[in-house]
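Note sheet for the following structure.
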Protein chains: 4
Amino acid sequence: MIIVLKPHATKTDADEILGQIEELGLKPLYMPGVERTVLGALGDERVIGRLHLESHPLVERVTPILSSYKLVSRDLHPEDTVVRLGDVPVGGSVFTVIAGPCAVESREQMTATAEAVKAGGAHALRGGAYKPRSSPYSFQGLGLEGLKILQEVSETTGLPAVTEVVEVADVAAVEEHAAAFQVGARNMQNFRLLKAIGGSPTPVILKRGMAATVDDLLLAAEYIVSEGNHDVILCERGIRTFETATRNTLDLNAVPHIKARSHLPVIVDPSHGTGVRDYVAPMAKAAAACGADGLLVEVHSDPKAALSDGQQSLHPEEFERLMGELAPFVEAAGRHL
Amino acid sequence: MIIVLKPHATKTDADEILGQIEELGLKPLYMPGVERTVLGALGDERVIGRLHLESHPLVERVTPILSSYKLVSRDLHPEDTVVRLGDVPVGGSVFTVIAGPCAVESREQMTATAEAVKAGGAHALRGGAYKPRSSPYSFQGLGLEGLKILQEVSETTGLPAVTEVVEVADVAAVEEHAAAFQVGARNMQNFRLLKAIGGSPTPVILKRGMAATVDDLLLAAEYIVSEGNHDVILCERGIRTFETATRNTLDLNAVPHIKARSHLPVIVDPSHGTGVRDYVAPMAKAAAACGADGLLVEVHSDPKAALSDGQQSLHPEEFERLMGELAPFVEAAGRHL
Amino acid sequence: MIIVLKPHATKTDADEILGQIEELGLKPLYMPGVERTVLGALGDERVIGRLHLESHPLVERVTPILSSYKLVSRDLHPEDTVVRLGDVPVGGSVFTVIAGPCAVESREQMTATAEAVKAGGAHALRGGAYKPRSSPYSFQGLGLEGLKILQEVSETTGLPAVTEVVEVADVAAVEEHAAAFQVGARNMQNFRLLKAIGGSPTPVILKRGMAATVDDLLLAAEYIVSEGNHDVILCERGIRTFETATRNTLDLNAVPHIKARSHLPVIVDPSHGTGVRDYVAPMAKAAAACGADGLLVEVHSDPKAALSDGQQSLHPEEFERLMGELAPFVEAAGRHL
Amino acid sequence: MIIVLKPHATKTDADEILGQIEELGLKPLYMPGVERTVLGALGDERVIGRLHLESHPLVERVTPILSSYKLVSRDLHPEDTVVRLGDVPVGGSVFTVIAGPCAVESREQMTATAEAVKAGGAHALRGGAYKPRSSPYSFQGLGLEGLKILQEVSETTGLPAVTEVVEVADVAAVEEHAAAFQVGARNMQNFRLLKAIGGSPTPVILKRGMAATVDDLLLAAEYIVSEGNHDVILCERGIRTFETATRNTLDLNAVPHIKARSHLPVIVDPSHGTGVRDYVAPMAKAAAACGADGLLVEVHSDPKAALSDGQQSLHPEEFERLMGELAPFVEAAGRHL
């Protein structure tokens, strides 16, 4: 940890802080400069955190050297992690496509969509039973009934199902009915939920929050992994910026950046990442090209009738076309569908 | 609602949509233009939402005329709402100051801080028992034990206490031990939590999310109010922007904007809004000047030893000085402390 | 144009505005609603702009139906435009790669780099003689001397050269020595510069500003085209967001979005878009995959010695590898290198 | 400067870099850690910039200790600077109000507005002759004719005039006709313009760019001051964020932050900072409360007829009311109008 002192800090002030660093068993460093004195503390930065030097009146700035995540870091775990949704791998040589509607609306809609995405070549199914919606007057999902429909359709089609969990109390039910949890952008820092999921053996797709940096996302994953659940898939789904032409700004830079920092698989959601049906296919290809491990994509048997996110859902035939067009990009990236 | 059609949409396409609008009991409007055809639908926009026109392949854009919040809107409720924390009013002629540490750390720390803020002139006490922290390795709060300490200190000092609730399962406990819920920025769109609080008679301070627009904040408040709890205080606490010199960018524009749109009281948190102790006092004065109803401000009996947010917590003597300096600004704003 | 009146506006107020709309030769529309009255004006929205209704005290909001750009819009010009840098096309079946150092530093550096990028398969050369730098203490470019070196190396290698122009007074010199202007992000709204370039027959690469929406970018292009210069290539190079892990957030969503709205070619700059050498190749591939017409990429014969942007410049061998890896992605996108 | 090496860097790699640091006459520091090796370089960081260590393949991150601005820094110049517009001081005990229309439209409009703001108590006059506008189809200003009108009205009313300069070629004309330059947000990093102004004896109001951090703003000011012009007034006018309810997000945090870092005066533009007439007064008061040295505010004799920015311009009577209401806030801040 690097500690920059304020201009008027004296040698005595520095010595006092250096003494505290030494007491914690860390190696202190004194670096006097012309305009500022800089101190260093070598060793476990989580230990020095206890000194709360950032709130010291003579400290101008504290800069950590190490990231605060550890278990999800590639530093300590250089090989890629492969997570399995049922028997579908995410993070290896397959480019995994998880497709389905935003929300489970009915058995008919779910069956029609699942069969369509299966025919198109999807590896897994998505569909929300609990829907976090900005307005209390929007459709809120079918709840447990939706989970049951999802499981049924998953069994019929043989596609493992992913579904969102929004509340600790629902963890057990989702675990029972689905192959994987999805934690949505709005709950990425719902730490109680992350801990609850961390105690489960079921894999989780963790979506990046709208205002979350990649570091925040990795720390959120660290919450889950530090509770014992190592099967975390990260999902880039766009961040909120000043650009309103698209629903979010899909931050594909995050894909190589996460790959450099973490061993966890990363998938991309071009549906929420753009919010515009016509932009889903180009951004899906871009995701494959920049090294993502797969996609989470919204498909609806009849988008015009969708109860949510219809404007970003692909028609079954559009999905089929996307899968066809995607193949050469996936191959160019050294993977297969 | 205004519906802009794509350039190649025909009169027949327009007629089909106008027919659907009419069937819903709304008044349809046809506005052909040189480059685009525009349709209108007059009436309850929540009804026309059912048509999901934004996902129609021939629709370029759907622009609502009305906001989607209703109960929190000033349109339907022109008078200011006054919310009471115990017997402390928020939203009337008093500029209400709620002060205390980020986290309840111990009985001693809480007592010392509460007495200090009371001596300084605070109206109510804050202190977190459940702490949402970015890293799993940071202090997570004392939980129920913290709630009990908070209640005890609240009773001793006579200051009503506000504390954060992060999970539906804790709503009852917080209700029992505190005068008001606080919903933090990270949970602003934890809709299950909002609904649970909506069923409680205890007031709530709802903090704006880091990526939330004012409209998102008002919709989140609508979740609470629509469940029956009308005692919602909104809190501007900074949004996430590209500027990293301060922890967040305090958006004081939001104060007059919320006042124009909603009847709910608005307070400002200059501690999280800046993240820098020295900027808390100037921004507290600015909050009073632009029409806020009060402050939520972090004070710690010994910031150097604080387990969280020490760098933005005021020392007791700094808080006392702030209250003294604040008074003429509050009076200039037509209120009193 | 759609004009939403404030709640207390009366029928008389509406009639007065409708009268003004009619006087301008536009078709007025009256749409009274329960909570708000909405007015419409059909016809050329640039004409109604003269009424300045957005500043009318009884007007709540004015929403244009049409975009304010016209000449760059695909509505009026459905076919893709192909711009030629010397004899190198941008915007057709070729995926055009423009490579070279951030700055022209010396004849030796420029020659070595140009030969390297030519060997790697680049179609054109980049290199700045006038460098806009955040700090006055950073290297500011060689100026006219740099332009001459660039031209010389361009002639030797046969690669047309692109170089930045930062000031009206330099337009003639750049025109004389280079095949195309580059307008940098910081000058995207230097409208006097845009107009000066608009009067030139030399093509221009217009980079998106760090805080510019795609609409702002298209309006900036409209400045150039409306002065008579139709040869504008747009360049996505990242926007400024809260994410600081990368220098900018490359907004690849902008590629399909611009393609939908405009007929102008779009290239991507993954060097500035990421600021990190290791992320340039993945994002270059992503650019090809999502439909971009080419790349602007920084290569330096010796990045360790680069006077600017060394951390995002590719080594010659990295560039060669990128070109090899890029080929199958470009082919999958239906183009060739 | 702190240099963090990549995990696989060896002692030999570190020694090579330490040798380079020493050769430059700086003091090298070696700090081996468990997970990363950290190097330090003490001395003038502008010198070590020559090593371009951020582009070294074994360097993970370079963190400067010192800011890169020097002349504008409070470190080296602890006393507040007072700049004079004619005989009107900015930065001392007066809270200086500069008011007038967005654009000079005609002698009549300018005279009427100038007399109104003078009657209201303004200290100086604003009005643009060269208008940077997003669309080429919007009013572009009267140019030299506008400058002459401005000067005439300035002389008649005795109010010194501030006007925007957008181009090096206009610097002499603006210098001749106005008391101060204004550099707009879009030109904050037009470095050639900054240098040209730096060579002039005329004061300048430098507005923050929409995507500029406070550090960027201070570096832009450093460009002007390093050329010899010390009379720079900084202006916070809002930044671009995801919040679209207001035209920009006024970042008042920047006021105490700039005051802490720089000796230059800071004024606030609540007109552009909000874009909404009704929010100008509350934010003007907030600016006074948080320590700003003055205001730049748009007033128009007839906002309904304004050729630009009418929706954010105050009516003369609104300006007069603002000045009355502002007085107690200015006094509470220890200044006077």
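The values are calculated or read from the model by the stated rules, or taken from the named source; none is laboratory data. Values in this document were obtained by computation on a predicted structure and should not be read as measured data. All Cβ positions, glycine included, derive from the backbone under ideal geometry; neighbour counts span all protein chains shown. Just so you know, the surface numbers come from the protein's heavy atoms only, side chains and all, with ligands and any DNA or RNA stripped out. Shrake-Rupley method; radii C 1.70, N 1.55, O 1.52, S 1.80 Å.
Grab the DSSP H runs of chain C that are 4 residues or longer, score each as -39,500 (n - 2.57), total them, divide by all residues and round the 222 nm result to the nearest 500 deg cm²/dmol. Mind dumping the intermediate values first?
Working: 11 runs with 116 residues, N = 337.
Computed mean residue ellipticity for chain C: -10500 deg cm²/dmol.
Taking the rotation axis that maps chain C onto chain D, which residue of C brings its Cβ closest to that axis, and at what distance in whole Å?
Spelled out as residue then distance in Å, it is C:ALA211, 2.
What ³J(HN,Hα) values, in whole Hz, does the Karplus curve 6.51 cos²θ - 1.76 cosθ + 1.60 give for region B:283-298 when θ = phi - 60°, with x put for Gly and Pro?
For region B:283-298, the Karplus-derived couplings read 6, 5, 5, 4, 4, 4, 5, 8, x, 5, 8, x, 10, 10, 9, 8 Hz, x marking Gly and Pro.
Work out the FRET efficiency for B:THR111 and A:SER138 from their Cβ-Cβ distance, taking R0 = 56 Å, and round it to the nearest 0.05.
On the way: r = 46 Å, r/R0 = 0.82.
Efficiency at R0 = 56 Å is approximately 0.75.
To the nearest 20 Debye, how big is the dipole of chain C about its Cα centre, given +1 on the beta carbon of each Lys and Arg and -1 on that of each Asp and Glu?
460 debye
Quick one: pull the percent of accessible area on region A:16-131 belonging to carbon and sulfur, 1.4 Å probe, ligands and nucleic acids left out.
C and S fraction of accessible area: 53 percent.
Considering amide H positions built from the backbone, and no H for Pro or chain starts, which residues 5 or more places from A:ALA129, or on another chain, come under 5 Å of its amide H?
A:VAL104, A:GLU164
Tell me, how many Å apart are the Cα centres for region C:11-45 and for region A:40-96?
59 Å
Of all the accessible heavy-atom surface of region B:176-271, with the other protein chains kept in place and a 1.4 Å probe, what percent is carbon and sulfur? Kindly include the intermediate steps, with their values, before the conclusion.
Numbers: 800 of 1900 Å².
Carbon and sulfur together cover 42 percent of it.
Counting protein heavy atoms only and a 1.4 angstrom probe, how many square angstrom of accessible surface do chains A and C bury in total, to the nearest 100?
On the way: alone 14880 and 14890 Å², together 27100 Å².
About 2700 Å² of accessible surface is lost on pairing.
Whole percent per 10 Å bin, from 0 to the bin with the longest distance: what is P(r) over all C-alpha pairs of region C:173-239?
25, 58, 17, 1
If each label sits 7 angstrom from Cα along the C-beta direction, how far apart, in nm, is C:GLY158 from its counterparts in the other copies?
Once sorted, the set of distances for C:GLY158 reads 5.6, 7.5, 9.2 nm.
Quick one: Debye curve from the C-alpha atoms of region C:219-337, no solvent, what's log10 I(q)/I(0) at q = 0.20 Å⁻¹?
Log10 I(q)/I(0), no solvent term: -1.11.
Averaging over all projection directions, find the projected area of the Cα convex hull of chain A and quote it in nm² with one decimal place. Intermediate values should be presented prior to the final figure.
Details: hull surface 77.2 nm².
If you wrap the Cα atoms of chain A in a convex hull and average its projections, you get 19.3 nm².
Lys and Arg at +1, Asp and Glu at -1: add these up for the other residues within a Cβ distance under 13 Å of D:VAL166 and post the number. Walk me through the numbers before you get to the answer.
Numbers: positive: C:ARG192, C:LYS195, D:LYS131, D:ARG133, D:ARG186, D:ARG192, D:LYS207; negative: C:GLU167, D:GLU164, D:GLU167, D:ASP170.
Summing Lys/Arg as +1 and Asp/Glu as -1 gives +3.
Tell me which residues come under 5 Å, amide H to amide H, from B:ILE205 once H is placed; ignore anything under 5 positions away on its chain.
Those qualifying (amide H under 5 Å, at least 5 residues apart or on another chain) are B:PHE181, B:GLN182, B:VAL183, B:ILE233.
If you average 1/r over all unlike Cα pairs in region D:69-137 and invert the result, what Kirkwood radius do you get in angstrom? Intermediate results must be reported in sequence, preceding the final value.
Values: mean 1/r = 0.0681 Å⁻¹.
14.7 Å is the Kirkwood radius here.
Quick check on my link table: of C:LYS131/C:LYS207; B:LYS304/D:LYS285; A:LYS259/D:LYS11; A:LYS131/B:LYS207; C:LYS6/C:LYS27; B:LYS285/D:LYS70, which ones sit more than 25 Å apart, alpha carbon to alpha carbon?
Working: C:LYS131/C:LYS207 14 Å; B:LYS304/D:LYS285 33 Å; A:LYS259/D:LYS11 27 Å; A:LYS131/B:LYS207 22 Å; C:LYS6/C:LYS27 21 Å; B:LYS285/D:LYS70 30 Å.
In this structure, B:LYS304/D:LYS285; A:LYS259/D:LYS11; B:LYS285/D:LYS70 exceed 25 Å between Cα atoms.
In whole percent, what relative contact order does region A:193-254 give with Cα contacts below 8 Å and a gap of six or more residues? Walk me through the intermediate numbers first.
Values: 90 pairs, mean separation 22.2, N = 62.
It comes to 36 percent, rounded to a whole number.
How big is the shadow of the Cα convex hull of region C:94-232, averaged over all directions, in nm²? Walk me through the numbers before you get to the answer.
Details: hull surface 33.8 nm².
So the Cα hull casts an average projection of 8.4 nm².
Using θ = phi - 60° and the Karplus relation 6.51 cos²θ - 1.76 cosθ + 1.60, list the HN-Hα couplings for region B:12-28 in order, rounded to whole Hz, with x at every Gly or Pro.
5, 4, 4, 4, 4, 5, 4, x, 5, 4, 5, 4, 7, x, 9, 8, x
Once you've got the GNM for chain C with C-alpha springs shorter than 10 Å, pick whichever of C:ILE258, C:ILE65, C:ILE267 has the biggest mean-square fluctuation.
With Cα springs under 10 Å in chain C, the top fluctuation among C:ILE258, C:ILE65, C:ILE267 is at C:ILE65.
Could you state the number of Å between the C-alpha centres of region D:196-265 and region C:105-165?
32 Å
Do any residues of region A:103-141 show a loss of at least 20 square angstrom of accessible area between the isolated chain and the full protein assembly, using a 1.4 Å probe, and if so which?
A:ARG133, A:SER134, A:SER135, A:PRO136, A:TYR137, A:GLN140
Would you compute the Debye intensity of the protein assembly as shown from its alpha-carbon atoms alone, equal scatterers and no solvent, and pass along log10 I(q)/I(0) at q = 0.04, 0.05, 0.07 Å⁻¹ to two decimals?
Scattering profile of the protein assembly as shown, log10 relative to I(0): -0.22, -0.35, -0.73.
With the other protein chains left in place, how much accessible area per residue, in square angstrom, belongs to chain B at a 1.4 angstrom probe? Don't skip to the answer; put the middle values down first.
Details: 10580 Å² over 337 residues.
Normalised by residue count, the accessible surface of chain B is 31 Å².
Equivalent ellipsoid semi-axes for region D:122-199, as square roots of 5 times the alpha carbon gyration tensor eigenvalues: give them largest first, rounded to whole Å.
On the way: eigenvalues 81, 49, 23 Å².
The equivalent ellipsoid of region D:122-199 has semi-axes of 20, 16, 11 Å.
Given H placed on each backbone N at 1.01 Å, which residues far from D:LEU314 in sequence or on other chains put an amide H within less than 5 Å of it?
Those lying under 5 Å, H to H, from D:LEU314 are D:GLU298, D:VAL299, D:HIS300.
Among D:LEU66, D:LEU142, D:LEU51, which one moves the most in a GNM of chain D with springs linking Cα atoms closer than 10 Å?
Of D:LEU66, D:LEU142, D:LEU51, the most mobile in the Gaussian network model is D:LEU51.
What distance in nm lies between label points placed 7 Å from Cα along the C-beta direction at C:THR156 and A:GLU145?
It is 7.6 nm.
Can you pull out the GluC sites (Glu not before Pro) in region D:60-125 that DSSP calls coil and that have at most 12 other Cβ atoms within 10 Å?
On the way: sites: D:GLU60, D:GLU79, D:GLU105, D:GLU108, D:GLU115; in loops: D:GLU79, D:GLU105.
Here the sparse-neighbourhood loop sites are D:GLU79.
7 Å along Cα→Cβ for the label point: how many nanometres lie between D:LEU24 and each equivalent label in the other copies, listed shortest first?
In ascending order, 2.9, 5.8, 6.4 nm.
Mind pulling the angle between the C-alpha long axis of helix B:316-332 and the longest principal axis of chain B? Nearest 10 degrees, somewhere in 0 to 90.
50 degrees
Provide the per-residue ³J(HN,Hα) series for region C:259-264, in order, calculated from phi with Karplus coefficients 6.51, -1.76, 1.60 and θ = phi - 60°, each as a whole number of Hz, with x at glycine and proline positions.
3J(HN,Hα) across region C:259-264, in whole Hz: 4, 6, 9, 9, 8, 6.
Could you give, in nm with one decimal, how far C:ALA305 is from each other copy of that position, shortest first, with labels 7 Å out from Cα toward Cβ?
Result, one decimal in nm: 5.9, 6.7, 7.0.
Compute the Rg to Rh ratio over region D:1-143 from the alpha carbon atoms, using the Kirkwood formula for Rh, and round to two decimal places.
Details: Rg = 26.7 Å, Rh = 20.4 Å.
Across region D:1-143, the Cα-based Rg/Rh ratio is 1.31.
For chain D, modelled as a Gaussian network with Cα springs under 10 Å, which listed residue fluctuates most, D:GLY275, D:GLY143, D:GLY19?
D:GLY19
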